[in-house]
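The structure appears right after this line, and notes come after that.
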Amino acid sequence: MIKNEHMRTIQSFVRRSGRLSKAQAIGLNELWPNYGIELVVNQMLDFGKLFATTQGVVLEVGFGNGDSLLEMAINQPKTNFLGVEVYEAGVGRLINEANKHQLSNLKIIKDDAVEVLKHHIEDNSLSKFQLFFPDPWHKKKHHKRRILQTSLLDMLTKKLKSNAIVHIATDWENYAEHIMDTMEAHPHFKNSLGDHIYSPRPAHRPLTKFENRGQQLGHGVWDIIFTNTKGV
């Protein structure tokens, strides 16, 4: 297991900056108080106060431009969604779109996911964890930067409720194999379909433009769905 102090040195993302469109700037600044969460040092989030309705909470890390998370929040009003992303343009775009639909079941955090999980998410509070198309860090020397590591799973098993879901999707076969092997080796996670079986894309995970374009070019996508067996 990676020690916590070492985990803080691992950066599994690249902060991208650039000019924001007018809509993205509005979302990131003017509409931020409606959807954005300002974290307080070492203070846990209270989902009961954070969301308008008390219901299951899905945490998605690295939502990119937010299209997929937006569609899920629209289609699943009886589920609360908490998105974590550091890409400002994506954060601004998602908030602007969420405001158009007047969503009350979506909140956004603009911070490092590991730090959010470690210091701001209560144990036994999440119904699901989603990680769609994370940076594969395909060069072998960069594999240590991949976010899906045993250390993350150790943390997730505490934050997730018993029988909660971990759903990961990637379009890099090597990363899919790494994820599958890492999760199957962990004592508190079980493949929902059986040993080393990848899942078909479930209907609730939207097909993104990027993914659809890749499929037309013959690129594969691997969905990996596990349940948290802690306490079972």
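The values are calculated or read from the model by the stated rules, or taken from the named source; none is laboratory data. None of the values given here were measured: they were computed from a predicted structure. Cβ atoms come from the backbone with ideal geometry, glycine included; neighbour counts cover every protein chain shown.
Yes or no, residue by residue, for (1) within 26 Å of residue 65 (Cβ to Cβ); (2) hydrophobic (A, V, I, L, M, F, W, C); (3) surrounded by fewer than 19 Cβ atoms within 10 Å (Cβ to Cβ):
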| position | (1), (2), (3) |
| --- | --- |
| 142 | yes, no, yes |
| 157 | no, no, no |
| 161 | no, no, yes |
| 166 | yes, yes, no |
| 170 | yes, no, no |
| 179 | yes, yes, no |
| 183 | no, yes, no |
| 187 | no, no, yes |
| 200 | yes, no, yes |
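Tell me, which helices (runs of 4 or more DSSP H) lie completely within the range 45-118 with 1 or more residues that are at pLDDT 95 or above and of a type in the set (Phe, Trp, Tyr)? Give the derivation first.
Values: elements: 47-50, 67-75, 88-100.
Per the criteria, 47-50.
Please give the number of the condition residue 176 fails out of (1) within 22 Å of residue 194 (Cβ to Cβ); (2) under 15 Å from the mean Cα position of the chain (by Cα); (3) assigned to a helix (DSSP H, G or I).
(2)
Might you let me know whether the range 123-131 holds any residue that is touching a residue at least 60 places away in the same chain (Cβ under 8 Å) and of a type in the set (Asp, Glu)? Full working, then the answer.
So in the range 123-131, the residues touching a residue at least 60 places away in the same chain (Cβ under 8 Å) come out as 125-131.
Filter once more, so that each one left must be of a type in the set (Asp, Glu): none.
No, the range 123-131 contains no residue that is touching a residue at least 60 places away in the same chain (Cβ under 8 Å) and of a type in the set (Asp, Glu).
Just to be sure, is residue 142 farther than 13 Å from residue 31 by Cβ, of a type outside the set (Lys, Arg) and touching a residue at least 40 places away in the same chain (Cβ under 8 Å)? Before the answer, list the steps.
Values: farther than 13 Å from residue 31 by Cβ: yes; of a type outside the set (Lys, Arg): yes; touching a residue at least 40 places away in the same chain (Cβ under 8 Å): no.
No.
Which residues, counting only those in the range 44-69, are farther than 17 Å from residue 95 by Cβ, of a type outside the set (A, V, I, L, M, F, W, C) and out of contact with any helix residue (DSSP H, G or I) (no Cβ under 7 Å at 6 or more places or on another chain)?
46, 48, 49, 53, 55, 56
Tell me which residues, restricted to the range 216-229, are over 12 Å from residue 169 (Cβ atoms) and surrounded by 14 or more Cβ atoms within 10 Å (Cβ to Cβ). Explain how you work it out, then say what you get.
So the first thing to find is which residues in the range 216-229 are over 12 Å from residue 169 (Cβ atoms), and the list is 216-219, 226-229.
The answer is 226, 227, 228, 229.
Could you check, for the range 133-151, whether at least one of its residues is among the aromatic types (Phe, Trp, Tyr) and not in a loop (DSSP other than H, G, I, E, B)? Steps first, answer last, please.
From the range 133-151, those among the aromatic types (Phe, Trp, Tyr) are 133, 137; that's our starting set.
Next, from what is left, pick out any that are not in a loop (DSSP other than H, G, I, E, B): none.
Scanning the range 133-151, I find no residue that is among the aromatic types (Phe, Trp, Tyr) and not in a loop (DSSP other than H, G, I, E, B), so the answer is no.
Identify all residues within the range 90-108 that are hydrophobic (A, V, I, L, M, F, W, C) and either surrounded by fewer than 22 Cβ atoms within 10 Å (Cβ to Cβ) or out of contact with any helix residue (DSSP H, G or I) (no Cβ under 8 Å at 6 or more places or on another chain) (or both); write none if there are none. Show your work before the answer.
Start the filter on the range 90-108 by keeping residues that are hydrophobic (A, V, I, L, M, F, W, C), which leaves 91, 94-95, 98, 103, 106, 108.
Answer for the range 90-108, where residues must be hydrophobic (A, V, I, L, M, F, W, C) and either surrounded by fewer than 22 Cβ atoms within 10 Å (Cβ to Cβ) or out of contact with any helix residue (DSSP H, G or I) (no Cβ under 8 Å at 6 or more places or on another chain) (or both): just 103.
Given the condition more than 20 Å from residue 63 (Cα to Cα) and part of a strand (DSSP E or B), answer yes or no: does some residue in the range 201-224 qualify?
The answer is no, given that none of the residues of the range 201-224 is more than 20 Å from residue 63 (Cα to Cα) and part of a strand (DSSP E or B).
Any idea which residue in the range 205-214 is farthest from residue 67 (Cα to Cα), counting only those that are loosely packed, with under 13 Cβ neighbours inside 10 Å and of a type outside the set (S, T, N, Q)? Walk me through how you get there before you give the answer.
Within the range 205-214, the first condition is being loosely packed, with under 13 Cβ neighbours inside 10 Å, and the residues that meet it are 209, 212-213.
If we keep only those that are of a type outside the set (S, T, N, Q) too, we end up with 209, 213.
Values: 209: 9, 213: 15 Å.
Looking at residues that are loosely packed, with under 13 Cβ neighbours inside 10 Å and of a type outside the set (S, T, N, Q), I get 213.
Within the range 35-55, track down each residue that is surrounded by fewer than 16 Cβ atoms within 10 Å (Cβ to Cβ) and within 14 Å of residue 105 (Cβ to Cβ).
48, 50, 52, 53, 54, 55, listed by residue number.
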